[in-house]
1. Please state which one of Ile64, Ile73 is within 18 Å of Phe146 (Cα to Cα) and part of a loop (DSSP other than H, G, I, E, B).
2. Give segment 154-183 a look and list any residue that's within 13 Å of Val224 (Cβ to Cβ) and of a type in the set (A, V, I, L, M), or say none.
3. Please specify each residue of segment 116-128 satisfying the condition of being part of a helix (DSSP H, G or I) and under 15 Å from Leu94 (Cβ atoms).
4. Scan Ser103, Ser88 and give me the residue that is hydroxyl-bearing (Ser, Thr, Tyr), modelled with pLDDT under 95 and over 25 Å from Gly208 (Cα atoms).
Amino acid sequence: MAATATASASTSAIGSSYPSTSSSSSTAPKTFRYPPIHAFPPFYTLQHNPVSRAQQLSQWRALILDYCRSHRIFSLSPLPSASDASGSSPHKTLFANASIQRSLSPESIRAVLADLVEHKGAAWEDQLTTAKKSAAAGQGNNAKAFIYWKTPAQWGDAIYEWVMATGQNKSIMTLFELNQGELVESQDFYELPMPILKLALKHLSSQGKAQIFAGSEAEDGEGVKFV
């Protein structure tokens, strides 16, 4: 009976929605507060029951988007990269909680990211950078997902708002200037991954707000004219 009660309690907590009051993790930046579910051990094991799993994945989607928005993280992968060696790496903070000695496995992280992609909250890198959309996109633990804490359309709107506010309309800018130039250093879209930037500009082009010019060879040779 005790085991049954424990299992029931675990499923109930996993299946519940985010509480309105959140608690802070000891490893979290002071500006980001994790929800209580982040300190709940079963959260790090994907549930087999379809209903519980769907609710659990919904909680992971919300947490990932909030975390990446707060930390200005544009992509995540099932396995940490060489640049993720610091203690603030998402694999040591977002996908793990040292205080309870729990973490998502690479396979579970890939499943969580795949669910985020399915719900239009992310896109696999190879979906955006290859000419043909492969059914195998996102397979393997080395896959990278671009996180849409702002959608490409929202990024496009933010870029155009900045263009109009700074008088850059009617001017031509290279994608490099728009991505890494001094003028945009204080903007949220600074260092936005190029595949997302191109989608954002395509959104503006479809609205008649931008004209995209192909570069000769180098990617940063491409340009855009805002109208």
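The values are calculated or read from the model by the stated rules, or taken from the named source; none is laboratory data. Nothing here was measured: the structure is a model prediction, and the numbers come from that model. Quick reminder, even Gly has a Cβ in these numbers, built from the backbone with ideal geometry, and neighbours come from all protein chains shown.
1. Ile73 is the lone residue from the list that is within 18 Å of Phe146 (Cα to Cα) and part of a loop (DSSP other than H, G, I, E, B).
2. Answer for segment 154-183, where residues must be within 13 Å of Val224 (Cβ to Cβ) and of a type in the set (A, V, I, L, M): Ile159, Val163, Ile172, Met173, Leu175, Leu178.
3. If the condition is that a residue be part of a helix (DSSP H, G or I) and under 15 Å from Leu94 (Cβ atoms), then Leu116 is the only one that fits.
4. Ser88
Yes/no per residue for (1) farther than 21 Å from Asp188 by Cα; (2) touching a residue at least 24 places away in the same chain (Cβ under 8 Å); (3) touching a helix residue (DSSP H, G or I) at 6+ places or on another chain (Cβ under 6 Å):
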{"position": "Gln55", "(1), (2), (3)": "yes, yes, yes"}
{"position": "Ser70", "(1), (2), (3)": "no, yes, no"}
{"position": "Ile73", "(1), (2), (3)": "no, yes, no"}
{"position": "Pro106", "(1), (2), (3)": "yes, yes, no"}
